[in-house]
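Have a look at the structure below before the remarks.
The values are calculated or read from the model by the stated rules, or taken from the named source; none is laboratory data. As the structure is a prediction and not an experimental result, all values here were calculated from the model. Using ideal geometry, Cβ is built from the backbone for each residue, glycine included, and neighbour counts are taken over all protein chains shown. Note: areas computed on protein heavy atoms with side chains; ligands, DNA, RNA excluded. Shrake-Rupley method; radii C 1.70, N 1.55, O 1.52, S 1.80 Å.
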Amino acid sequence: MNENLFAPFVVPVMLGIPITTLIIMLPALLFPTPNRLITNRMVAIQQWLTKLTSKQLMITHNLKGQTWSLMLISLFLFIASTNLLGMMPHSFTPTTQLSMNLGMAVPLWAGTVVMGFRNKMETSLAHLLPLGTPTFLIPMLVMIETISLFIQPLALAVRLTANITAGHLLLHLIGSATLALTSISLPTALITFIILTLLVILEFAVALIQAYVFTLLVSLYLQDNT
């Protein structure tokens, strides 16, 4: 069966009903709740990575910002697990959907902005106008800074969508080329297969890096508003 190039990004349905919600909930099974006095290796590694990531994200925050630590580490684990879900054969990557990424980015960005205007109104407004701006440039710069402020959640969502989608498309193209070359030239097919293997390893790294970058940018927005 010939698949369209964008077939992996089509929302899967069952009996005419989208099952995206079930797919998004699936990675949560990878993070079991420990119920033993002595944890196993998987839970120990999970806790160590969680503490390490949380420390890196919260090291520059004050007490108000540190109250977001549970939300940020949960966001990182959620995005990382859904990105890795797409690396499984015949699977679906929810983070390739711009609507889902906007659904994560907009509420988090809005929460940091509202917190900034609530806790330090003058500082938040001062960010809209750089110090020492000539008088005749004030209206233009305020408009530009306001637009850049509202673009932040869109940039968050588009960055994650573009990186995950581009990686999956590249894997799909090279995988198709490898299958086509097996009947033409086995040495060339072997070379492309090696390249495909290296790209798969790289894509695993990209899945984790993009989750960290998304969470880190939200953390930086929070730091600017606390």
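Note on Ser183: accessible area approximately 100 square angstrom, rounded to 10, probe 1.4 Å, nucleic acids and ligands left out.
Remark: spin-label model distance Ser148-Thr21 equals 4.1 nm, labels positioned 7 Å along the Cα→Cβ axis.
Across region 7-225, the relative contact order, built from alpha-carbon pairs under 8 Å that are at least six residues apart, equals 27 percent.
For region 7-225, the fraction of 1.4 Å probe accessible surface lying on carbon and sulfur atoms is 75 percent.
For a Förster distance of 41 Å, can you work out the FRET efficiency between the beta-carbons of Ser69 and Ser183, rounded to the nearest 0.05? Please report the intermediate quantities before stating the final value.
On the way: r = 54 Å, r/R0 = 1.32.
After rounding, the FRET efficiency stands at 0.15.
Distance between the 7 Å Cα→Cβ label points at Tyr212 and Thr50: 1.9 nm.
Within the assembled protein chains, the solvent-accessible surface assigned to Ile191 is about 100 Å², based on a 1.4 Å probe. Accessible surface for Thr50 stands near 40 Å², nearest 10, in the context of the full protein assembly shown (1.4 Å probe). For Leu217, neighbours were defined as the other residues whose beta-carbon sits under 12 Å from its Cβ, and their charges (Lys and Arg +1, Asp and Glu -1) total 0.
For region 7-225, what is the accessible area per residue in Å² when the probe is 1.4 Å?
Details: 13530 Å² over 219 residues.
Computed with neighbouring chains in place, this is 62 Å² per residue.
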